[in-house]
Amino acid sequence: MVRWGDAVRPGDVIRPGDVIRPGDVILPGDAVLPVLPALRKLLPGGGLHRGSVVATGDWGLLCLALVAGASAAGAWCAVIGLPYLGVVAAADAGLDPDRVLLIADPGPGWPQVVASLLDGCELVLLRPPDRPSASVRRRLEATVRRLGGVLVVAGDWDGAQTRLLVADQEWAGIGAGHGRLRARRVQVLAYGRGAAARLRARWLWLPGPDGSVTVADEIGAARFRPGTRSTG
Amino acid sequence: MTPAGGAAPRVLVVWCPAWERGTEPDARAFEQVVTLVEEFCPRVEVLRPGVCAIGARGPARYFGGEKALAEKIIDAVACLGVACQVGVADGLFAAQLAARTPWPGRAVIVAPGATQEFLAPHPVGLLGQPELADLLPRLGLQTVGEFAALPAAEAVNRFGSAGALAHRLARGLDPRPLISRPSSVDLSASVVFDPPAEQAEPVVFAAKALAERMHADLAARGLACVRVQIQVICADGQEITRWWRHDGLLSSLAVAERVRWQLAGWRATEDEGGRSATAPYRLSGDEGIQDGGIALLRLIPDQLVRATGRQLALWGETAVDDRVARAALRVQAMLGHGSVTRPLLAGGRGPTGQVTLVPFGDAADPLFPAGRPWPGRLPAPAPATVYPVPRSARVTDESGASVTVTGRALISAPPAWLSARGEPWLAIISWAGPWPVTERWWRPASSNRQARFQLVAEDGSAWLAVVQDGQWLIEASYD
């Protein structure tokens, strides 16, 4: 139960009858969209907070991994401005291609496209075609909050609640003229604002040998050690 | 074998294999063929994209016989660059089978009264009753002729109404006459606003009544339209036209809704030019309309087909949420029908062939279905970035000479440096390949011969590169 005066913490489920302070955000259903088990410890609250913006620095498999958990759980995902999305890799990571809308070229009116899609899809994965002005950015953040979706930005976003980035990566299974790419071991750093300001780091297989995303422990790392070279 | 009350109707069927095989996915292009056939006989029934039928008796008399008519049609359609096959027989069913008889470029004409003999050797599966197609062979009835030899009363007793229908077909009797589409009748509905409407609301309201009128006109003729064209003309002559998928499924209210989206989408693009600084985007377009207001709204049904009472849209396995559909249609109103796509996994060896993008609202099957073995396909994990058009690149050895691959898949020297179209050179620290790919060498138009490489650069990025005709191309990136 949340009562007057209680701060609404991320992860709290707010039910009808609860008293909320003016200015608090009321989110429908669960306040957090699920993510893949491997990513849970990276994100404050163990998932993607509805109404929040998550920035990932650059486009990559990490963006797909972030939205895969919720998509597998039944959420619709719109992907905007990424004509080169690898759908097979996305499906291997856990994304359900049946619940994906691709808008390869949103054109100059992309903020309107994003706002329209946030109305229908819980997840929007966006690569902004240009750097948005502060007012456009704030309007979109307000739309995200109002509709209770999650905006994952493949790029930088000034007002993002959570940021993730790949700090270190190393491909396994390939040598100089032999083997093939089998798995990538990456160190993902996550930091947020306010209560979630603590820096979290995690080693992941992104992707693993079958395209899935798993936690890279030392045993798993050792298995792929032969034939790898540090990529610095 | 003539139905009671007169001679059997002679039917001519034009069948274009391109649509059936999926090499010509655009149903709209078939409209050209239909228009051409209409010049021979104005009453054409379009059965589905790729197949249309006309009554052959009148035109055959005019053009000097069925054979002459069929050959004229084949020649005319060939002028469009489309291959077609023509069949003439008593009744639609036999004519369709005749058209499909593999005899390219020649018409197959079944003489009047010979329909039953023509049908006899065909397998019973063609009668279009899936249950019977399974059951009859197990009872020892393999061909249409054997089934037709049963007494009609026995067929009804044993197999019910499906059996009765199939038995009629097997005897060369058609269950229904041709339903031609009225090409000359204008089924579009329009309304003029005088004075021009300044607000979107009255236009949307009028659209509902207009859609009701159009639907009533179509229903009176037993037709449905695959798509509806919504045309809005402004007082200053500006025009905005959009196609919307209909399939006989949209209610009048739903058509009116699409008019609203179309107007809202139009306003959104208008805002881009004029007032993007002050109003970067707007969520609803219900404010006043400039340009002197809307003068005319017209709904034009397109691709008329026989109404079959279709109830549900086929949108793949996952039913589309209403909210999602609304959002997707709004974006389609802004950017066009093809701008919102749904990915469909398909079969293929390379990364680009494994996905087919289908515009939202269309139903389509991939040319090569997924889930079949593709020997030599790219091994997992799949690349996260797949360039729709491969990027040109340069790969050199230590000395700076471009790395080449011989016909026997031997490389000139180990690749050492990589530069993707103008980007700075990166040292290659590990690589694998070449993996030669020779696909569809038997079909020159779609054949390709390549050698694939995986390259890992010094910054940790991994690339899928391919050598084709001596050129290095980057197909995908794994990061």
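The values are calculated or read from the model by the stated rules, or taken from the named source; none is laboratory data. The structure presented is a predicted model; accordingly, all values stated were derived computationally and were not measured. Note that each Cβ is placed from the backbone with ideal geometry, even for glycine, and that neighbours are counted across all protein chains shown.
Looking only at segment B:325-338, filter to residues that are farther than 9 Å from B:PHE360 by Cβ and either at the interface with chain A (Cβ under 7 Å from one of its Cβ atoms) or of a type in the set (Val, Ile, Thr) (or both); which one of those is surrounded by the most Cβ atoms within 10 Å (Cβ to Cβ)?
Of everything passing the filter in segment B:325-338, B:ARG330 is surrounded by the most Cβ atoms within 10 Å (Cβ to Cβ).
Considering only residues that are more than 14 Å from every other protein chain (Cβ to nearest Cβ) and either at pLDDT 90 or above or surrounded by 18 or more Cβ atoms within 10 Å (Cβ to Cβ) (or both), look in segment A:175-191 and name the one that is farthest from A:LEU125 (Cα to Cα).
A:LEU189
What pairs can you find where one residue is in segment A:50-67 and closer than 17 Å to A:ARG193 by Cβ and assigned by TED's automatic domain parsing to the domain that holds A:VAL144, the other is assigned to a strand (DSSP E or B) and charged (D, E, K, R), and their Cβ atoms are less than 8 Å apart, with a gap of 6+ or different chains?
A:VAL54/A:ARG163; A:ALA55/A:ARG163; A:THR56/A:ARG163; A:GLY57/A:ARG163
Step by step: first the residues of segment A:177-199, then only those that are in contact with a Lys or Arg (Cβ under 8 Å, 6 or more places away or on another chain) and assigned to a strand (DSSP E or B), then the one that is farthest from A:ALA38 (Cα to Cα). Which residue is that?
Here the residue is A:GLY192.
Can you name the residue in segment B:442-456 that is among the polar types (S, T, N, Q) and modelled with pLDDT under 90 and is also nearest to B:ALA427 (Cα to Cα) among such residues? Outline the logic, then answer.
Going residue by residue through segment B:442-456, those that are among the polar types (S, T, N, Q) are B:446-448, B:450, B:454.
Restricting the remaining residues to those that are modelled with pLDDT under 90 gives B:446-448, B:450.
Numbers: B:SER446: 34, B:SER447: 33, B:ASN448: 29, B:GLN450: 23 Å.
Among those that are among the polar types (S, T, N, Q) and modelled with pLDDT under 90, it is B:GLN450.
With respect to B:GLY81, determine if the residue is within 26 Å of B:VAL226 (Cα to Cα) and modelled with pLDDT under 85.
Yes; evaluated as a whole, the condition is true for this residue.
Of all residues in segment B:421-440 being under 43 Å from the mean Cα position of the chain (by Cα) and within 13 Å of chain A (Cβ to nearest Cβ), which is surrounded by the fewest Cβ atoms within 10 Å (Cβ to Cβ)?
For segment B:421-440, the residue satisfying everything is B:TRP435.
For segment B:382-409, name all the residues that are within 12 Å of chain A (Cβ to nearest Cβ) and free of Cβ contacts under 8 Å to residues at least 12 places away in the same chain.
Selection gives B:VAL389 alone.
So, of the residues in segment B:45-58 that are farther than 18 Å from B:GLU20 by Cβ and of a type in the set (A, V, I, L, M, F, W, C), which turns out to be surrounded by the fewest Cβ atoms within 10 Å (Cβ to Cβ)?
The extreme case among them is B:ALA56.
Among what's in segment A:141-152 and is closer than 16 Å to B:ALA327 by Cα and among the hydrophobic types (A, V, I, L, M, F, W, C), pick the residue that is surrounded by the most Cβ atoms within 10 Å (Cβ to Cβ).
A:VAL150
In segment A:192-206, what residues are within 14 Å of chain B (Cβ to nearest Cβ) and either modelled with pLDDT under 90 or touching a helix residue (DSSP H, G or I) at 6+ places or on another chain (Cβ under 6 Å) (or both)?
Once the filter is applied, which keeps residues that are within 14 Å of chain B (Cβ to nearest Cβ) and either modelled with pLDDT under 90 or touching a helix residue (DSSP H, G or I) at 6+ places or on another chain (Cβ under 6 Å) (or both), segment A:192-206 yields A:LEU204, A:LEU206.
Regarding segment B:229-249, can at least one residue be identified that is outside any strand (DSSP E or B), among the acidic types (Asp, Glu) and at pLDDT below 85?
Yes - at least one qualifying residue is present in segment B:229-249.
Please tell me if B:ALA370 is over 30 Å from B:PRO415 (Cβ atoms), at the interface with another protein chain (Cβ under 10 Å from one of its Cβ atoms), at pLDDT below 80 and touching a strand residue (DSSP E or B) at 6+ places or on another chain (Cβ under 6 Å).
Answer is yes for this residue.
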